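Okay, so here's the structure we're looking at.
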């Protein structure tokens, strides 16, 4: 039984998909956790090839050139071609870097303009809310002042009405009292005249 288990464990696993391959790599890394992981360094930039030294009496690839001179010419030509290719590639890379940085600056400028526009919109909206609140507060104050004025006017009017009503009541009471006094005087005069008439009749009867 133990041999069968060992055979099953030793049996290699064939990855069928990219997920299986990634799983196998992770399992291999996790088997030995203490093992340091070596990260590759970035490739160093190539230096510009040096200009070939001046060689005198170099024959071209013509029929009059010797067998040894042709190899010198071919080597120098290959070296010059490599140098020119490197210069062209470097110029193309610098051009792409400049375009990339210009694109970044353009995107940054557009983003700043958009944020400035949104910021100005938010500030305008905030100022509008502040002005609206100030207007509402001023209106409330004005309404409160107007209410106070109206209440004071109403109080004054009520007081004047009460004073006039009191004066009317006083005059009415005075009139009633004067009428009552006049009636009493008339009654007293009538009683006096009746008494005098009765006394006169009594005297005549005697």
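A short reminder: the numbers here are calculations on the coordinates, not readings from a lab. Since this is a predicted model, take the numbers as computed values, not measurements. Backbone-built Cβ (ideal geometry, glycine too); neighbour counts: all protein chains shown.
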FRET E, pair residue 176, residue 131, Förster distance 45 Å, beta-carbon r, rounded to 0.05: 0.10
Want the number for residue 74 to residue 150: 0.36 nm per residue separation, take away the alpha-carbon distance, what's left? 16.2 nm
Spin-label model distance (nm) - residue 183 vs residue 157, 7 Å beyond Cα toward Cβ: 3.9 nm
Length released on extending from residue 11 to residue 27, taking residue separation times 0.36 nm less the Cα-Cα span: 4.3 nm
Cα gyration tensor, the stretch 79-169 - rounded (a/c under 1.5), prolate or oblate: prolate
